[in-house]
Amino acid sequence: MTALQEPELLTEYRTRVVPSLKTKRNYANIHQIPRVQKVVLNSGVGSAPDVKEALEIAKAEIALITGQRPVETIAKKSIANFKLRKEQAIGAKVTLRGRTMYEFLERLIKTALPRIRDFRGVSPKAFDGRGNYTLGVNDQTIFPEVELDKIKRNIGFDITIVTSARTDEEAKLLLSELGMPFSDKPKPAQPTKNEEEAVTQS
């Protein structure tokens, strides 16, 4: 990808998704059309016995997947039952915007998610009521950037897609148009027996 080229998903959003959403929702103003504002990846290591090593591995894996260096997340208060101390580093987080965000979303939707074993789509119920969607990933190996023989431990993380949509319905339509494979998405109609016979005879 050259410096002048923009991510394919961003081009697709501008040329296909925007006109489609404008038609389907009858937006009077182009600024009303929802868009993805940022994507946040967050991985928690909690009170793992080897918390320092676990944190470094999580930071390295997230950086590899996103191409952006994550920051550490800090415990806001002490919780004795979980052996957490206030201001202890408990995870890693990265916030993606602009070009990097669209490049990541494109890899997530078109490459990573389809690699999940027995994948049947993502849940349509993970919206927060304000047009934002959170997806949990249990294994970083679905991303092709991760080399299996170099994995020291599996890490899980949440991916939160923050949109400008005013409702969950708007946000779901936006993500669907971008290619997010929701599990309740209607499947392509299967040809009837008569249609199959007509194709065979022709």
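Computed from the coordinates by the stated procedures, all read-outs in this text should not be read as laboratory data. If you're wondering where the values come from, they're calculated on a predicted model, not measured in any experiment. When we count neighbours, we look across all protein chains shown, and the Cβ atoms used for this are built from the backbone with ideal geometry, even at glycine.
Miscellaneous remarks
- Under a 5 Å amide H cut-off, with hydrogens placed 1.01 Å from N, residue 35 pairs with 164, 165 among residues at least 5 apart or on other chains.
- Note, ³J(HN,Hα) from phi for segment 31-44, Karplus 6.51, -1.76, 1.60, rounded to Hz, x at Gly and Pro: 6, 7, 5, x, 9, 7, 9, 6, 10, 10, 9, 9, 10, x
- 27 Å Cα-Cα threshold exceeded, pairs from 93/172; 22/110; 52/125; 38/110; 110/172: 52/125
- Over all other residues within a Cβ to Cβ distance under 15 Å of residue 100, the charged ones net out to +1, with Lys and Arg as +1 and Asp and Glu as -1.
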